[in-house]
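The structure under discussion appears below in the form of structure tokens.
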Amino acid sequence: MTRIRTAVTFFLVVAGMAFLAPASADAGDVVLPAGTIIPIRFETTVSSATSRPEDKVLGAVRADVRSQGRVLIPAGSEVKGHVVSARRSGKVSGRAYLAVSFDAVEIHGQVHRIVTPRLARLAPKGTKKDAAVIGGGAGAGALIGAIADGKEGAAKGALIGGATGTGAVLATRGSEVTFASGARYLLRLTEPLRLDQ
């Protein structure tokens, strides 16, 4: 009877160890905590003038990402993402806007999902440029008017020139924004990244 109890106990212990083995393996995984910085370099050029939402965006990790003295994301690892939003500048109003998001990193052939804030750029306001174009048009009109009709003609020429300058602003789009190939940025994990080791 004692031998039977001993055999049953041994069997239960072995079965329990086998059941716990996967948990022990998971406990050995390495986790990069939220807030970890991943330095990247764009490998593709993205522009508000030509890109569309969901276009693929590729980048590369610029430097080893370490934790506890170990390299967890080697330099050269590929990061993958897509265009979230792309808006061209308008002729009358509206500044160009471009946003991309990276959501995966490939490490030694294995793709891991990452969660990071989007990278976004908004074109600067063109107020000063527009004023210069309008002013330039008025100046040219005033010069033409002065040559043709004297002072009174100069005043009329300024009005005509100013109107011409405004037309030039309306017909010209504002500046676009770009993430150029080779551009360097920092990604910050907003959720932990678990890596199998």
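Values quoted throughout were computed directly from the atomic coordinates according to the rules given, and no laboratory measurement underlies them. From a predicted model like this one, the values you see are computed outputs, not experimental measurements.
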**Message:** Using amide H atoms built in the peptide plane, which far-off residues or other-chain residues are under 5 Å from Ser85 H to H?
**Reply:** Ala99
**Request:** Multiply the residue separation of Arg118 and Ser47 by 0.36 nm, subtract the distance between their alpha-carbon atoms, and state the gained length in nm to one decimal.
**Result:** 24.0 nm
**Prompt:** Near the amide H of Glu43, under 5 Å away, which other amide H atoms are found, from residues 5 or more places off or on another chain, if H is placed in the peptide plane?
**Reply:** Leu58, Gly59, Ala60, Gly182
